[in-house]
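Chemist: Starting off with a structure, shown below.
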Amino acid sequence: SQTIHQWPATLVQPVGSPLSLECTVEGTSNPNLYWYRQAAGRGLQLLFYSVGIGQISSEVPQNLSASRPQDRQFILSSKKLLLSDSGFYLCATEGQGSGYTFGSGTRLTVV
Amino acid sequence: AQSVAQPEDQVNVAEGNPLTVKCTYSVSGNPYLFWYVQYPNRGLQFLLKYITGDNLVKGSYGFEAEFNKSQTSFHLKKPSALVSDSALYFCAVRDSVGDYKLSFGAGTTVTVRA
């Protein structure tokens, strides 16, 4: 079965500092990967998705970027964080039966 | 285009009473439908899915959902709610044709009081 690892679990960063969140997947090859942001404990906003190494699609224009340097690695980055980047970030991949498997998430607070 | 609506932000029930969380969807083709649950500061956990077959789908923790094509609905139900069912619930849909991106509803917070 698939497993997604996300780290760190929590992060407090000052405004203007860089960001790097990492997501790795086990138990599958060539997965489709997704980054979501959840603000204020509510709905999920799709930020980026990737269908393969080096292939990134952005769903919304913003201060963030994503990269996929390896088949099972997906990284979310920012050069300079804004207060509005605070939120709960979730990595996901397609699980069995066409649904998604989610990582445990990263709580980012920009201060 | 595909979309999901969860018309209730919050559902409150007493323990032991039946629980229903509503979901309606819109897709161009046939729907693949999912329910997820999220506990505070955790990732989403899969509850159940409808792909094809029986309209009544049974999932984890005693939950079930009924697919109704004419009403484009996929309501989540549990006959007897537990306090531990208190969480945030998401309905999701993807079209049977096209890419694999899921569309999520805004979520419904369920509170089960003792």
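Chemist: Would you tally the net charge around B:V57, using a Cβ to Cβ cut-off of less than 12 Å, leaving B:V57 out, and scoring K and R as +1, D and E as -1? All intermediate terms of the calculation are to be shown ahead of the outcome.
Modeler: Values: positive: B:K49, B:K58, B:K77; negative: B:D54, B:E64, B:E66.
Result for the local shell: 0.
Chemist: Toward the positive end of the charge dipole of the range A:30-111, about the Cα centre and with charges on Cβ (Lys, Arg +1; Asp, Glu -1), which of A:P69, A:L44, A:F88 goes farthest?
Modeler: A:F88
Chemist: When you count, for each residue, the other Cβ atoms within 10 Å and take the mean per peptide, how do A:43-49, B:68-74 rank with the highest first?
Modeler: Details: A:43-49: 20.0, B:68-74: 13.9.
Going from most to least packed, we get A:43-49, B:68-74.
Chemist: Can you send over the carbon and sulfur percentage of the accessible area for chain A, probe radius 1.4 Å, protein chains only?
Modeler: On the way: 2590 of 4960 Å².
Ligands and nucleic acids excluded, carbon and sulfur reach 52 percent.
Chemist: Okay, moving on. What is the mean number of Cβ atoms from other protein chains located within 10 Å of the Cβ atom of each residue in peptide B:40-51, rounded to a whole number? Kindly include the intermediate steps, with their values, before the conclusion.
Modeler: Numbers: counts 2, 7, 6, 14, 12, 2, 7, 1, 2, 5, 1, 3.
The shielding value for this peptide is 5.
Chemist: Sticking with this structure for a sec: For B:R94, A:R37, write out the residues from largest to smallest accessible area, computed with a 1.4 angstrom probe and no ligands counted.
Modeler: Numbers: B:R94 10, A:R37 35 Å².
Highest to lowest solvent-accessible surface, that is A:R37, B:R94.
Chemist: Please state the Cα pair-distance histogram of chain B with 5 angstrom bins from zero: what percent is in each bin?
Modeler: 2, 13, 24, 25, 19, 10, 5, 2, 0
Chemist: Kindly rank A:101-110, A:69-78, B:9-18 from highest to lowest mean number of other beta carbons found within 10 Å of each residue. Could the numbers behind the result be given before it?
Modeler: Details: A:101-110: 19.6, A:69-78: 17.3, B:9-18: 12.8.
Answer by packing, highest mean first, reads A:101-110, A:69-78, B:9-18.
Chemist: Here's a follow-up. At a 1.4 Å probe, which residues in the range B:70-108 are at least 40 Å² less accessible with all protein chains present than in their chain isolated?
Modeler: B:Y100, B:K101, B:L102, B:F104
Chemist: Just the number, please: carbon plus sulfur as a percent of the accessible area of the range B:3-113, 1.4 Å probe, no ligands or DNA/RNA counted. Don't skip to the end; give the middle numbers.
Modeler: Working: 2450 of 5130 Å².
Of all accessible area on the range B:3-113, carbon and sulfur atoms account for 48 percent.
Chemist: Show me you know the interface measure: the accessible area buried between B and A, both chains summed, probe 1.4 Å, in Å² to the nearest 100.
Modeler: On the way: alone 6220 and 5790 Å², together 10380 Å².
What B and A bury together is about 1600 Å².
Chemist: Additional query: I'd like the mean, over residues of A:84-95, of how many other protein chain beta carbons sit within 10 Å of each residue's own Cβ.
Modeler: Numbers: counts 0, 0, 0, 0, 5, 0, 4, 1, 3, 0, 4, 3.
Taking all residues of A:84-95 together, the mean is 2.
Chemist: Accessible area per residue for the protein assembly as shown in Å², computed with a 1.4 Å probe and the full protein assembly in place, what is it? Display every interim value, and only then the final one.
Modeler: Working: 10380 Å² over 225 residues.
Value returned for the protein assembly as shown: 46 Å² of accessible area per residue.
Chemist: Shifting gears a bit: What share of all Cα pairs of the protein assembly as shown, in percent, falls into each consecutive 10 Å distance bin?
Modeler: 8, 32, 35, 20, 5, 0
Chemist: At 1.4 Å probe size, put A:V111, B:V112, A:V15, B:V27 in order of accessible surface, largest to smallest. Please list the in-between numbers first.
Modeler: Working: A:V111 100, B:V112 10, A:V15 80, B:V27 30 Å².
Most to least solvent-accessible, the answer reads A:V111, A:V15, B:V27, B:V112.
Chemist: Related question: Which semi-axis lengths, in whole Å and largest first, follow from the square roots of five times the eigenvalues of the Cα gyration tensor of the range A:13-111? Walk me through the numbers on the way to the answer.
Modeler: On the way: eigenvalues 103, 44, 25 Å².
Values for the range A:13-111, descending: 23, 15, 11 Å.
Chemist: How large is the accessible surface of A:S1 in square angstrom, using a 1.4 angstrom probe and rounding to the nearest 10?
Modeler: Approximately 120 Å² for this residue.
Chemist: Another question about this same structure. About its Cα centre, what dipole magnitude does chain B give when the only charges are +1 on Lys and Arg Cβ and -1 on Asp and Glu Cβ, stated in debye to the nearest 20? Show your work: numbers first, answer last.
Modeler: Numbers: 10 positive and 9 negative charges, 20 e Å.
About 100 debye.
The values are calculated or read from the model by the stated rules, or taken from the named source; none is laboratory data. This one's a predicted model, so the numbers in the text were calculated from it and none came from an experiment. Glycine gets a Cβ as well: all are built from the backbone with ideal geometry, and neighbour counts include every protein chain shown. Ligands, DNA and RNA are stripped out before the accessible areas are found, and what is left, the full protein with its side chains, is counted by its heavy atoms. Shrake-Rupley method; radii C 1.70, N 1.55, O 1.52, S 1.80 Å.
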